[in-house]
Amino acid sequence: MTVLIVSLFLPYTVNFHVNDNSRSRSPPLVTPAANPIVEGIPPPPSTATASLFEKPSSGTVPGLTPGATTDHERIFASNIAQAEQEQTGYPFPSTGELNNRLFTESEGNSPLWGATTSLNQPKPQAIPSPSPSILKHQDPRPVKETMSQLPAVPEHVSSYSRLRKASTASRKLSFSRAEWTIETAEQGNGGLRNAVRSATDAGVLDELMWVGTLGMPTDALEKYTRRDIAEKLEDEYGSLTVFVKDGDFDGHYTHFCKTILWPVFHYQIPDNPKSKAYEDHSWIYYVKLNQAFADRIAKHWKRGDSIWIQDYHLLLVPAMLRKLLPDAQIGFFLHIAFPSSEVFKCLAPRKELLEGMLGANLIGFQTDEYCRHFLQTCSRILCVEATPEGVQLEDRFVNVGTFPIGIDPTSWDKRRKAIDVERWVDTISERYQGKRLIVARDKIDSVRGIRQKLLSYELFLNTYPEWADKVVLIQVATSTTEQPELEATISDIAMRINSTHSTLAHQPLVFLKQDLAFPQYLALITIADALMITSLREGMNLTSHEFVYCQDGRCGDKGFGSLILSEFTGSASVFGDHALLVNPWDYRQCSEAIHTALTRGGEERKKIWEELHRAVLKNSTANWVKSFNETLSRVWNEQSSREIMAVPRLSVSRLTERYRQSKQRLMIVDYEGTLASWGSPRSIILTTPQRAITTLTDLTDDPNNIVYVMSSRMPEEMERLFRQVNNLGLIAENGCFVREPNCDSWTHLADKVHVKNWKASVSNILAYFQARVEGSWIEERHCSLVFHHGSAEDRHVAARSAAECAGNINDACANLDVHAVPVEGALIVETTHTNKASAAELVWKWVLAAAEKKEEAVKPDFLLVVGDNREDEPVFRWANKLQSSKAVDYAMTVTLGSRSTEAKATLTQGVTGVLSCLQQLAASNGQAKLPLR
């Protein structure tokens with residue numbers, strides 16, 4: 001079995017060895033400033049604007065921290081490191097080695113496409129910005145046809161177009177004729193790649209195939225070049241390449257993923273006046289790229305393959321694949337946070353995104369909180385039933401689970417033994433001898449909380465001035481996109497801290513606006529006294545895992561440092577109270593956490609570190625892959641067995657034969673939809689009363705039969721409906737009440753006091769929504785409440801209100817063992833610990849007890865359960881387990897209709913088919929005669 005790892009970026013890309021002279025002969029482009037803007041024709045893209053395709057400048061040495069008084073921070077610059085290598089002879093890595101270093105797990109998705117500075121790759125061709133008009137954006141006509149209707153193009157603009165076409169043709173010729181090699185890509189999800197690598201090394205993954213893009217513009221390549229690259233990657237590197245147009249990728253990634261999805265998923269609603277998030281209508285590009293992935297996978301997929309789709313870039317792929325490959329084993333994992341339903345509702349294509357994810361068999365999240373948010377969002381927006389195990393759709397069930405990703409301890413052990421790491425440990429320790437080091441490493445963006453961290457650190461220095469000359473905060477800050485306002489604010493705070501608390505020999509803040517070489521980073525977190533993470537929202541934070549793993553006391557008196565961690569990171573749920581959890585917005589709390597971290601005793605630090613270290617080992621990358629893999633396989637098998645295509649039709653003749661051979665029989669049959677057609681909820685008249693009553697009478701007249709009818713109706717209704725049938729057992733209100741045959745009293749399975757308490761809480765919520773849905777009404781039963789909205793004037797609004805009502809009840813009453821279940825035209829609120837299965841279990845105990853009292857004890861050897869909807873699934877599951885445990889010789893579970901089910905067989909003739917089957921069973925022993933047809 002091959003596992004297809006589907007990620008936006010492949011772990012490999014292409015390096016072109018292009019002759020510089022040939023590139024210089026390309027005709028120069030006319031600068032945009034030299035061309036007046038012509039009405040109806042957009043100007044060429046400005047090179048001054050930060051673009052997804054622009055490669056950042058390399059080789060620059062960052063300036064000193066604002067307000068710096070020492071030059072200690074210069075040791076982290078790459079050229080200084082090389083200079084020290086020449087002076088000391090220490091084997092520091094070369095620039096090429098730094099560029100090709102292995103990713104740390106903490107390096108997530110790079111915000112730049114084509115950001116591999118050491119590689120020679122094509123630049124994008126002209127990419128027009130998405131149209132601000134919805135009408136133009138949705139125009140299905142080809143670009144050439146649309147352009148033909150524009151005004152005549154002036155001569156100078158026409159010349160510019162010819163030059164651009166000539167440049168494009170030259171670039172295609174240049175790159176298509178150039179030699180090329182496959183290189184390890186630097187952009188992408190480092191944690192995912194390390195997880196797959198470690199799982200492969202551990203033998204968890206046998207065969208795998210990566211699916212993704214090259215992470216570079218490809219329009220400049222000829223078709224045969226793209227074909228050769230794809231073949232080499234597939235044959236030698238186990239990678240399927242997805243080629244998309246540069247404009248489609250830019251619209252998908254820059255305009256939708258990074259401008260819309262990423263902020264919303266991190267609780268940053270892009271609604272400020274400068275934001276254009278909802279002006280470019282880039283949704284179509286997101287759909288096109290997702291469809292390109294689905295088509296590529298479908299062509300390569302073979303039966304038995306498993307598909308793992310990764311992260312928010314590809315939310316639509318699961319449903320697209322489900323349409324193309326109905327039987328495929330599809331898993332989806334979200335590496336970032338999933339927001340609450342109130343935030344997710346801000347997205348315009350919210351339903352499409354949720355339905356896209358629900359195409360998977362298994363959806364994985366980093367924490368229980370994100371899992372809960374997803375379930376609540378599905379319930380409120382899609383009006384579906386969400387259980388702790390997953391989402392119940394009309395035709396199938398989608399499992400949802402928590403799988404926190406971690407780091408690979410084995411590879412970290414190998415990396416830490418390198419000589420250059422030891423040299424860097426010595427160098428940094430010497431430079432900051434006698435100081436307490438607090439380390440931080442973040443990207444400069446609005447969700448990492450660098451500003452909050454610096455303000456908290458400033459408050460700490462003001463509150464505890466005795467620490468001002470003893471502690472240093474080293475903040476490593478990598479710039480992702482241009483955010484001048486945020487960077488200016490951070491620079492002002494850094495200047496103020498150092499201006500206020502610095503001396504000629506001491507600088508309390510070192511702000512490195514650069515990333516570190518891996519040996520530098522590893523050495524820094526090894527000797528740090530504390531790591532401070534103040535993310536405002538983050539799916540996980542593997543930097544904290546890396547810090548904990550390196551704090552094992554190998555550096556003598558250094559080790560067992562404290563972890564200051566934002567409570568809004570996924571890692572907070574992994575480490576719990578063993579980390580110093582903080583609210584980044586509470587500067588006083590963060591300041592006190594710094595003081596606690598610096599004043600802890602050695603024994604306390606070691607004891608806490610051991611708990612943190614245990615959590616890191618438990619959530620390793622290999623365990624993450626293994627857990628997700630095994631769970632996906634298990635739930636796919638379970639779901640496949642429930643598919644109506646896999647459920648055979650009931651063989652009435654075989655059932656009759658087993659019935660005839662049995663000595664003691666128990667039959668549990670649903671009422672509405674099974675013995676009688678569904679009618680009005682307020683009606684108590686059977687649709688086919690005489691035939692149903694006659695059939696039940698024929699069965700109960702046989703002393704070897706024990707027959708129960710189950711329903712959601714109240715006990716008094718059930719008594720009135722079946723008063724003509726003797727020896728009949730009854731189960732009312734979906735298992736809350738049970739009455740034995742020939743008995744006048746009912747057994748209560750639900751606690752009366754408990755029901756009274758939760759009804760008081762739920763009634764107010766139901767009344768609120770009932771008042772806002774005209775035509776709806778509330779039915780109060782003994783142990784449940786039903787919000788009927790099927791007769792509402794606006795059924796769409798009524799269903800949406802019912803879904804919102806269910807979400808409110810499930811949130812507010814979760815600790816009361818109550819849940820709200822949406823059904824067709826209604827919302828049922830009932831207890832969670834009583835259902836038809838619990839009632840059937842009680843009936844089974846009664847039957848066994850009665851058999852033991854007889855002289856010739858004969859326990860039931862035949863069990864038949866017949867139902868028609870989701871409320872009957874628990875009793876199907878109970879009966880199937882009963883047979884698998886050998887508690888009964890033969891058990892048959894039968895459902896009606898075409899839906900996902902745990903029943904072993906199905907009947908397609910509806911109520912008529914059920915009654916005919918039961919009458920044939922009764923007649924097989926001569927107890928009744930078949931009706932004339």
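For residues that are among the small types (Gly, Ala, Ser) and modelled with pLDDT of 90 or more, scanning just segment 493-525, find the one that is farthest from Gly559 (Cα to Cα). Among residues in segment 493-525 that are among the small types (Gly, Ala, Ser) and modelled with pLDDT of 90 or more, the one farthest from Gly559 (Cα to Cα) is Ser499.
One residue stands out in segment 746-777 among those that are in a helix (DSSP H, G or I) and of a type in the set (Ser, Thr, Tyr): the one that is surrounded by the most Cβ atoms within 10 Å (Cβ to Cβ), namely Ser763. Scanning segment 305-339 for residues that are polar (S, T, N, Q) and either under 16 Å from Leu8 (Cβ atoms) or in a loop (DSSP other than H, G, I, E, B) (or both) returns a single hit, Gln310. Here Arg380 clears all of (1) in contact (Cβ under 8 Å) with a residue 24 or more places away in the chain; (2) in the same structural domain as Val6 (by TED's automatic domain parsing); (3) of a type outside the set (Ser, Thr, Tyr); (4) farther than 28 Å from Ile809 by Cβ except the condition numbered (4). Checking Glu342 against (1) in a strand (DSSP E or B); (2) modelled with pLDDT under 95, which test does it fail? Here Glu342 clears every test but (1). Got at least one residue in segment 778-792 being of a type in the set (Val, Ile, Thr), touching a strand residue (DSSP E or B) at 6+ places or on another chain (Cβ under 6 Å), not in a strand (DSSP E or B) and not assigned by TED's automatic domain parsing to the domain that holds Gly729? Scanning segment 778-792 turns up no residue that is of a type in the set (Val, Ile, Thr), touching a strand residue (DSSP E or B) at 6+ places or on another chain (Cβ under 6 Å), not in a strand (DSSP E or B) and not assigned by TED's automatic domain parsing to the domain that holds Gly729. Would you mention how many residues in segment 729-744 are touching a strand residue (DSSP E or B) at 6+ places or on another chain (Cβ under 7 Å) and free of Cβ contacts under 8 Å to residues at least 24 places away in the same chain? The qualifying residues number 1. Between Ser573, Ser641, the distinction of being under 29 Å from Val914 (Cα atoms), part of a helix (DSSP H, G or I) and not assigned by TED's automatic domain parsing to the domain that holds Arg877 belongs to Ser641 only. A search for C-beta distances below 6 Å between a residue of segment 236-252 that is under 10 Å from Leu289 (Cβ atoms) and any residue that is among the hydrophobic types (A, V, I, L, M, F, W, C) and modelled with pLDDT of 95 or more, counting only pairs 6+ apart in sequence or on different chains, returns Val242/Ala292; Val242/Phe293; Val244/Leu289; Val244/Ala292; Asp248/Leu289; His252/Leu289.
One residue alone among Ile809, Ile828 is of a type in the set (Val, Ile, Thr), over 15 Å from Val707 (Cα atoms) and assigned to a helix (DSSP H, G or I), and that residue is Ile809. Restricting the first member to segment 768-786 and to residues that are on the phi > 0 side of the Ramachandran plot, and the second to residues that are surrounded by fewer than 18 Cβ atoms within 10 Å (Cβ to Cβ) and of a type in the set (D, E, K, R), the beta-carbon pairs closer than 8 Å and six or more apart or on different chains are Gly775/Glu793. All told, Ile706 meets the bar of being of a type in the set (A, V, I, L, M) and either assigned to a strand (DSSP E or B) or surrounded by 22 or more Cβ atoms within 10 Å (Cβ to Cβ) (or both).
For every residue, the table says whether it meets (1) at positive phi; (2) within 49 Å of the chain's Cα centre (by Cα); (3) not in a helix (DSSP H, G or I).
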| position | (1), (2), (3) |
| --- | --- |
| Thr694 | no, no, no |
| Ser712 | no, yes, yes |
| Arg720 | no, no, no |
| Leu730 | no, yes, yes |
| Asn734 | yes, yes, no |
| Val738 | no, yes, yes |
| Asp744 | no, no, yes |
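Taking segment 279-311 as the range and being in contact with a Lys or Arg (Cβ under 9 Å, 6 or more places away or on another chain) and basic (Lys, Arg) as the test, only Lys288 passes.
When the test is whether a residue is part of a helix (DSSP H, G or I) and at pLDDT 90 or above, Trp412 does not pass it. Among the candidates Ala523, Ala494, Ala488, the residue that is in a helix (DSSP H, G or I), in the same structural domain as Leu459 (by TED's automatic domain parsing), of a type in the set (A, V, I, L, M) and surrounded by fewer than 21 Cβ atoms within 10 Å (Cβ to Cβ) is uniquely Ala488. Looking only at segment 529-538, decide whether some residue is within 16 Å of Val476 (Cα to Cα), buried (at least 21 other Cβ atoms within 10 Å of the Cβ) and of a type in the set (D, E, K, R). Looking for residues that are within 16 Å of Val476 (Cα to Cα), buried (at least 21 other Cβ atoms within 10 Å of the Cβ) and of a type in the set (D, E, K, R), one finds at least one in segment 529-538, hence yes.
On inspection, Pro326 fails the criterion of being without any contact (Cβ under 8 Å) to a residue 24 or more places away in the chain, within 29 Å of Arg800 (Cα to Cα) and under 17 Å from the mean Cα position of the chain (by Cα). Restricting Lys881, Lys859, Lys845 to those that are in a loop (DSSP other than H, G, I, E, B) and surrounded by fewer than 17 Cβ atoms within 10 Å (Cβ to Cβ) reduces the list to Lys859. When the criteria are applied in full, Val647 fails the requirement of being of a type in the set (A, V, I, L, M) and assigned to a helix (DSSP H, G or I). Contact map, segment 502-525: residues that are among the charged types (D, E, K, R) paired with residues that are crowded, with 21+ Cβ neighbours inside 10 Å, Cβ distance under 6 Å, separation 6+ or inter-chain. Pairs shown: Lys513/Ala477. So for segment 542-556 (the condition being in a loop (DSSP other than H, G, I, E, B), surrounded by fewer than 24 Cβ atoms within 10 Å (Cβ to Cβ), in contact (Cβ under 8 Å) with a residue 40 or more places away in the chain and within 32 Å of the chain's Cα centre (by Cα)), does at least one residue qualify? No, segment 542-556 contains no residue that is in a loop (DSSP other than H, G, I, E, B), surrounded by fewer than 24 Cβ atoms within 10 Å (Cβ to Cβ), in contact (Cβ under 8 Å) with a residue 40 or more places away in the chain and within 32 Å of the chain's Cα centre (by Cα).
Got a number for residues in segment 762-798 being within 18 Å of Cys736 (Cβ to Cβ), in contact with a helix residue (DSSP H, G or I) (Cβ under 7 Å, 6 or more places away or on another chain) and not hydrophobic (A, V, I, L, M, F, W, C)? Summing the residues that are within 18 Å of Cys736 (Cβ to Cβ), in contact with a helix residue (DSSP H, G or I) (Cβ under 7 Å, 6 or more places away or on another chain) and not hydrophobic (A, V, I, L, M, F, W, C) in segment 762-798 gives 3.
The values are calculated or read from the model by the stated rules, or taken from the named source; none is laboratory data. As the structure is a computational prediction, the values presented were derived from the model and not from experiment. Don't worry about glycine lacking a Cβ; one is built from the backbone with ideal geometry, like all the others, and counts go over all protein chains shown.
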